[in-house]
Amino acid sequence: MTQPQLICCQIGAREHYSIPRAIYSQDTLNCLFTDTWVRPNSPVHRFSSSWSRKYKERYHHELETAVVFDFSKKLVLLESLNRLKNLSPWQKTIIRNQWFQRQVIHKLQRLKIPPSQPISIFAYSYAALEIFAYARTQGWRTILGQIDPGPKEEHIVKGLQAHYKHQYPSTWQPAPQQYWHSWAKECDLADSILVNSSWSATSLISSGISKEKISIVPLVYTPTHAASKFCRTFPCCFLKAKTFKSAFFGSGDFA
């Protein structure tokens, strides 16, 4: 029997490519599709600008011999055109997500994977709808990597912004309805949905997603050598006059 293979579709370097790395280590990664892949011999490494530092992270040595398809040159053109159009951040995000999916589908059609080959395809939320629709026509299994708690999180952030808008002015904007409409379709087309916490799972269920589809897979964290030697110290006690509150969000104006 032919061994099942998994195709990964990933924009950016989320979790340092932990999903494709794990699959590749099990010898079941068919290929990785990503927007940018900067190999060690790339001319980008000759520059030291903030732009080049960002893109130098778009690579992982553990995937050196894996089959990786990227669209780096086309991405540069797309982002240049988007800058000229004076688009909003949400418009740029949606355009880029749709563009990436079209690139993946075009390449998949050219690969002509045999119908006898059992395939699962993994893609992250908000950039999976068209990929999953194509995968369904091929009889492939679809796995959605949900990167956040979905509409529930937006509802919470929206409430916080309204409550603290005078103390902490913010440029944060909610996603357009098109964004959530596409996401709901992604969830419908997904055979399985991976979330990072029980809170994310509960949030998705409250948004109408079937709990039977949801599996909790915690985020991967690999500490650096420097982190292994780090030792945090605390005061022996906290006085009423020196109490503090802290909050952390992974991205956005509240980070």
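A Cβ distance below 9 Å, combined with a sequence gap of six or more or placement on separate chains, defines the contacts here; from the range 143-165, residues that are more than 14 Å from Trp199 (Cα to Cα) reach residues that are in a loop (DSSP other than H, G, I, E, B) and β-branched (Val, Ile, Thr) in the pairs Gly145/Val217. Residue count for the range 18-27 satisfying the condition of being assigned to a helix (DSSP H, G or I) and more than 15 Å from Val217 (Cβ to Cβ): 2. Restricting attention to the range 121-130, the residues being hydrophobic (A, V, I, L, M, F, W, C) and part of a strand (DSSP E or B) number 3. Only a single criterion out of (1) closer than 23 Å to Trp90 by Cβ; (2) surrounded by fewer than 16 Cβ atoms within 10 Å (Cβ to Cβ); (3) among the aromatic types (Phe, Trp, Tyr) is not satisfied by Phe132, namely (2). When you check Ser207 against the structure, is it in contact with a Pro (Cβ under 6 Å, 6 or more places away or on another chain) and crowded, with 21+ Cβ neighbours inside 10 Å, yes or no? No; evaluated as a whole, the condition is false for this residue. Would the range 136-151 turn up any residue that is over 14 Å from Asp191 (Cβ atoms), surrounded by 14 or more Cβ atoms within 10 Å (Cβ to Cβ) and of a type in the set (Lys, Arg)? Within the range 136-151 (the criterion being over 14 Å from Asp191 (Cβ atoms), surrounded by 14 or more Cβ atoms within 10 Å (Cβ to Cβ) and of a type in the set (Lys, Arg)), the answer is no, since none of the residues qualifies. Which of the residues that make up the range 1-32 are of a type in the set (Phe, Trp, Tyr) and within 23 Å of Trp99 (Cβ to Cβ)? Answer for the range 1-32, where residues must be of a type in the set (Phe, Trp, Tyr) and within 23 Å of Trp99 (Cβ to Cβ): just Tyr17.
Of all the helices (runs of 4 or more DSSP H) wholly in the range 131-238, which have at least 2 residues that are within 24 Å of the chain's Cα centre (by Cα)?
By residue number, 151-164, 177-189, 198-206.
Counting only residues that are of a type in the set (S, T, N, Q), in contact (Cβ under 8 Å) with a residue 60 or more places away in the chain and buried (at least 20 other Cβ atoms within 10 Å of the Cβ), the range 10-40 holds 1 of them.
The residue of the range 86-103 that is farthest from Trp183 (Cα to Cα), among those that are among the hydrophobic types (A, V, I, L, M, F, W, C) and surrounded by fewer than 15 Cβ atoms within 10 Å (Cβ to Cβ), is Leu87.
Asp188 satisfies every condition listed in (1) within 25 Å of Leu219 (Cα to Cα); (2) among the acidic types (Asp, Glu); (3) free of Cβ contacts under 8 Å to residues at least 40 places away in the same chain; (4) in contact with a helix residue (DSSP H, G or I) (Cβ under 6 Å, 6 or more places away or on another chain) except (4).
Values quoted throughout were computed directly from the atomic coordinates according to the rules given, and no laboratory measurement underlies them. Here the structure is a predicted model, which is why all the values come from computation and not from measurement. All Cβ positions, even for glycine, are placed from backbone atoms using ideal geometry, and neighbour counts span all protein chains on display.
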